[in-house]
């Protein structure tokens, strides 16, 4: 696939950004990421999506764990909770349980989500808690300066695998699909327009939505997951893909050589909040005084 | 009017219905107006060959602990009960199966173990059950009937409790259970009475409040409900599970929510998340779960998010002894967290205290914006006491979570403003005027990451100082002195469930003319140093009895006050015997 290249003029771009209204969702803090990091596109995508969806700033909470990506809450002007390594999802579940009206986003990286926090994802998906989990996958630990992650490629040389990473990477998309995720999509930091549309769709989904975002780490991975390599690997969803077909989604997810971008799967089913409401209704019906 | 003080023990193998029989018995005598304290011992397995003992002490006025000697021991399985024959006092009764199902060696039958002075009662319990119900499964109810018949207890409260307990299983089971009880009751009524064990009649009770039977965990759940808990997140673990089980039934009736999480880390994480979002939230666990929660407790400390954690201790370390009691998680509760994990730790000493501490924990968590650990143990969680509750329910003062006033133009909201009392205005999501981001990183007043030397010092001081006010928390006694006033020979410093045994020992020592007092220490962090020091000033000798090996509370006292104490640290897996404490008091009093 070829990427159309057209000249961009700074003053035009600036005017466009200022007039868009999305700067209202950006905080004044400067991102702590390296120049060229794919995560800048994600900040832009989230502010775009919130702006387009007109989400009141005080009604949205961004919860993160620990890692480069988890610094995210400081860079947007929403309520934010920068928690512990791997624990964004259970904290977000608590927030959503306490207040159904909030739009809750959980953000984090591949190490945060699939190594230390791996145990929580299955349960968030199974419960269908109505939050949006945006996972920034750069296949390496960046904040601790370049160690192997659960999604690092076989053979990647890092400071903790000086004899090259011998382990096969996890397949997060297949995992999520088998956990029963009710919305699953994939995007790429190098395709910001598609990315922001996917973020908006993920937020709009009622239930647990998982958006996997492929991104390079420009500082600690110069060989494996670079812009050049990722740009050549990613492809559009095959035409006619049916996002309600779980088996088709799983087939797509198996192709890790050429990651497809777009909505893999979605399903409508009761959320955790719905089941709470049902339990309350049943409990109240049961304990209501019998009248004759 | 003479006073009642009778202890009954029922012992059997897991699956015999031992605990169920004890439950019916204590409820029946409580319904008759007596005060009860009861404690069950059971194995970690559901069935099989583990030992179950249900003990209850029945008194006219509320007692504080079980006695070493029981007045009556009923054996449902001699192989389990044989080692306990000696716990029956002189002129007390040993009740056993007179016709065992299989022939057994003489020494394996209870009749061979009756000591001189004990009164043996053999009843054909299996046969009575068979005749009355067509099967042997109602043996435990026959046994209850025997106890009621022998001790001259009225059968009606028993019948009511049996009907209520088995009602859910259908009328057939109720009828069968009642028939079993009746068979035992009639058979025992025909034999000679045990006239050394007499229930004194109960006079009219004081009109205010009502007396109910609660376990420590049930009292905790009730305290949570009266404090209007919004959300509860938990993961099953002995001996804390029953707090969650009760709330799982009760919270939805009130329109509230409970979630069983995937582990204890998720439980505390969601509790903190809910607290951050403005809900009143709690979780409950035991030592192993507390270990998993310790990192999250640090997050609650540094983000100053209210949350309440009930920790019911059991024998440790590691999986340890899940169904045995111990007070060995004190250090983990006080210090378990990365960094300076400032928090409030309170430990009730009886069932009524469980209720009060539960409600007060939410007051403190919200007022001081801090994690609060309520430290129980298996003995306290599982023991039953008759408690007096006010008709109206306790009025906990929960007014700290309120919307903040609008900001003045040009004013910036500072989530962690350094105020005089260390408590900063707390906004929750949904407040457009006070938006902010919180973090587990050290931060400045605005909540932004800041690891400068001055800021870390200022914030550490803030988090420490704000908790000191909890020592004077309204309507909450952080310590309380019992026994003799003024100068004493021996003073006991006691915390948690062991306080009951300490108090009984103090009363016994006073009866022996030993000037003796006990200080109940309910708040363990922040440590009430002044009150403890003042008490120690009055004591020639200070004794610290606790059920752990290292003497964790004694270490705390010595660490803060640098004064000598005598430790009485034992790890029997069961409550510390009163006599052991008394012996130590007498030894110290002799000088």
Item to check | Exclusive hit being part of a helix (DSSP H, G or I) and surrounded by 20 or more Cβ atoms within 10 Å (Cβ to Cβ), set A:202, A:187 | outcome: A:202
Checklist entry - Taking region A:90-117, which residues are touching a strand residue (DSSP E or B) at 6+ places or on another chain (Cβ under 7 Å), closer than 24 Å to residue A:142 by Cβ and either modelled with pLDDT under 95 or at the interface with chain B (Cβ under 8 Å from one of its Cβ atoms) (or both)? => result A:91, A:92
Next on the checklist: Looking for something touching a helix residue (DSSP H, G or I) at 6+ places or on another chain (Cβ under 8 Å) and within 19 Å of residue A:185 (Cα to Cα) - is there at least one such residue anywhere in region A:224-233?
Outcome noted: no
Item to check | Residue selected from region B:416-470 under the condition more than 14 Å from chain A (Cβ to nearest Cβ) and within 18 Å of residue B:297 (Cβ to Cβ), by the criterion surrounded by the fewest Cβ atoms within 10 Å (Cβ to Cβ) | outcome: B:464
Item to check | Residue within region B:78-93 that is farther than 30 Å from residue B:502 by Cβ and in a loop (DSSP other than H, G, I, E, B) present | outcome: no
Next on the checklist: I want to confirm something. Restricting to region A:55-89 and keeping residues that are under 15 Å from the mean Cα position of the chain (by Cα) and in a helix (DSSP H, G or I), which single residue is nearest to the other protein chains (Cβ to nearest Cβ)?
Outcome noted: A:73
Next on the checklist: For a quick check of your reading of the model, give me the residue pairs whose first member lies in region B:455-476 and is over 19 Å from residue B:528 (Cα atoms), whose second is buried (at least 17 other Cβ atoms within 10 Å of the Cβ), with beta-carbon atoms closer than 6 Å and at least 6 apart or on different chains.
Outcome noted: B:455/B:444
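Determine whether residue B:154 is at pLDDT below 95 and either surrounded by 15 or more Cβ atoms within 10 Å (Cβ to Cβ) or at negative phi (or both). Even if it seems obvious, please write down each step before you answer.
Working: at pLDDT below 95: yes; either surrounded by 15 or more Cβ atoms within 10 Å (Cβ to Cβ) or at negative phi (or both): yes.
Yes, satisfied.
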Checklist outcome for this item: Scanning region A:118-167 residue by residue, the ones that are more than 14 Å from every other protein chain (Cβ to nearest Cβ), closer than 21 Å to residue A:268 by Cα and assigned to a loop (DSSP other than H, G, I, E, B) total 0
Next on the checklist: If residue B:246 satisfies all but one of (1) closer than 22 Å to residue B:327 by Cβ; (2) away from every other protein chain (no Cβ under 11 Å), what's the number of the condition it fails?
Outcome noted: (1)
Checklist entry - Do we find that residue B:350 is surrounded by fewer than 22 Cβ atoms within 10 Å (Cβ to Cβ), at pLDDT 95 or above and assigned by TED's automatic domain parsing to the domain that holds residue B:275 in this structure? => result no
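Just checking, which of A:24, A:41 is under 18 Å from the mean Cα position of the chain (by Cα) and in contact (Cβ under 8 Å) with a residue 24 or more places away in the chain? Step through it out loud before you land on a result.
Working: A:24 fails: under 18 Å from the mean Cα position of the chain (by Cα).
On inspection, the qualifying residue turns out to be A:41.
Quick grid of which residues meet (1) surrounded by 24 or more Cβ atoms within 10 Å (Cβ to Cβ); (2) under 18 Å from residue A:250 (Cα atoms); (3) modelled with pLDDT under 95:
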| residue | (1), (2), (3) |
| --- | --- |
| A:149 | yes, no, no |
| A:163 | no, no, no |
| A:169 | no, yes, no |
| A:173 | yes, yes, no |
| A:181 | yes, yes, no |
| A:194 | no, no, no |
| A:209 | yes, yes, no |
| A:216 | yes, no, no |
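Give the residues of region A:233-292 that are within 14 Å of chain B (Cβ to nearest Cβ), closer than 24 Å to residue A:206 by Cα and not in a loop (DSSP other than H, G, I, E, B), sorted by residue number.
A:272, A:273, A:274, A:275, A:276, A:277, A:278, A:279, A:280, A:281, A:282
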Item to check | Number of the condition not met by residue B:195 [criteria: (1) crowded, with 20+ Cβ neighbours inside 10 Å; (2) without any contact (Cβ under 8 Å) to a residue 12 or more places away in the chain; (3) not assigned by TED's automatic domain parsing to the domain that holds residue B:31] | outcome: (1)
Checklist entry - For residues in region B:501-520 being free of Cβ contacts under 8 Å to residues at least 60 places away in the same chain and buried (at least 20 other Cβ atoms within 10 Å of the Cβ), which is farthest from residue B:490 (Cα to Cα)? => result B:519
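Please work out which residue is surrounded by the most Cβ atoms within 10 Å (Cβ to Cβ), limiting yourself to region B:271-291 and to residues that are in a helix (DSSP H, G or I) and more than 11 Å from chain A (Cβ to nearest Cβ). Break it down into steps so the answer makes sense when it comes.
Step one: list which residues in region B:271-291 are in a helix (DSSP H, G or I), which gives B:271-276, B:287-291.
The next check asks that each one be more than 11 Å from chain A (Cβ to nearest Cβ); those that pass are B:287-291.
Numbers: B:287: 26, B:288: 20, B:289: 23, B:290: 24, B:291: 17.
Ranking the qualifying residues of region B:271-291, first place goes to B:287.
I want to confirm something. Restricting to region B:252-270 and keeping residues that are more than 7 Å from every other protein chain (Cβ to nearest Cβ) and surrounded by fewer than 24 Cβ atoms within 10 Å (Cβ to Cβ), which single residue is farthest from residue A:127 (Cα to Cα)?
Narrowing region B:252-270 to residues more than 7 Å from every other protein chain (Cβ to nearest Cβ): B:254, B:256, B:258, B:260, B:264, B:267-268.
In the following step, the residues that additionally are surrounded by fewer than 24 Cβ atoms within 10 Å (Cβ to Cβ) were identified as B:254, B:256, B:258, B:260.
Numbers: B:254: 22, B:256: 18, B:258: 13, B:260: 11 Å.
For region B:252-270, the residue satisfying everything is B:254.
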Item to check | Counted residues, region B:292-302 - those being surrounded by 23 or more Cβ atoms within 10 Å (Cβ to Cβ) and facing chain A (nearest Cβ under 10 Å) | outcome: 2
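The values are calculated or read from the model by the stated rules, or taken from the named source; none is laboratory data. Just so we're clear, the structure is a prediction, and the values are computed from it rather than from any experiment. A quick note on method: Cβ atoms are made from the backbone with ideal geometry, for glycine too, and the neighbour counts reach across all protein chains shown.
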